[in-house]
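The structure appears below as structure tokens.
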Amino acid sequence: MEEHVIRQGGPSAASSGTAPASATGEPARPASDRLVTGVLVDHGAAPHGFDPKASRSYFITVRTERGERTLWGQELERALVQSRTQPKLGDPIGIRENGIDPLSVVVRERNAEGQVRTVTRLDTPRGHWIIERREFFDERAAAAEALRDARASRREVIRNHPDLAGAYWALDAAAKVAEEKIRDPGSRERFLKLVRESLAYATERGEPLPVARKRAQETQAADPAAPSERAR
């Protein structure tokens, strides 16, 4: 017997501000998906709230449709430094606050006596802030929709969205685990739908995706002298 559990945002949905898993089997989502968009006006280190008596923090000011808005947080500086699109002053940007814990899809296989025999867990890590140029989030939304379509050609999707190669590798890995650990076909299908949706959700939010191991294996095959990951 297989048991599927979706964990997100702490001990309970009520305490973490997240919604429970839907009846359709999609992973739970935060009550509010906060994406602030606007033109980057200013950023830098300063006392919180520009109060000289406050502790040092980091701010980002954007000009939105409703006027200028300033966000505060120490991790904003790291998010800017690690930004993949490296926005500059005057660029249209998106700032996504990620106030939820990693999403975990857990499958427990029990024996006839109800004892847990194996536990399979897939975690999707999430950073607290993501800051990118606005077109990055538009492209990520399109990529997420392509990944959600199980009927779409994998080759075509990866050609249009190369970053999804790692997501498909993760899907293949999940399928292999499901084939080995989950006997019931219906349970396998539900598990794989959960995995696909969690990857699409991470893609949509601009979060890091798995890196396909096949690339490392191809590098090793092309250059036998190259050190393997295990040897590092």
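All of the numbers you see were taken from the coordinates with simple rules; none came from a lab. Predicted model, so just to flag it, every value in this text is computed and none were measured. Don't worry about glycine lacking a Cβ; one is built from the backbone with ideal geometry, like all the others, and counts go over all protein chains shown.
The table for this structure:
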read-out: Highest average packing first - 44-54, 168-178, Cβ atoms within 10 Å; value: 168-178, 44-54
read-out: Neighbour-count ranking [beta-carbon atoms within 10 angstrom, fewest first] of R134, R56; value: R56, R134
read-out: E113, E132, E156 arranged by Cβ crowding within 10 Å, fewest neighbours leading; value: E113, E156, E132
read-out: Rounded FRET efficiency, nearest 0.05, which uses the C-beta distance separating Q82 from N160 and R0 of 22 Å; value: 0.30
read-out: The stretch 37-83-the stretch 179-195 distance, computed between alpha-carbon centres (Å); value: 44
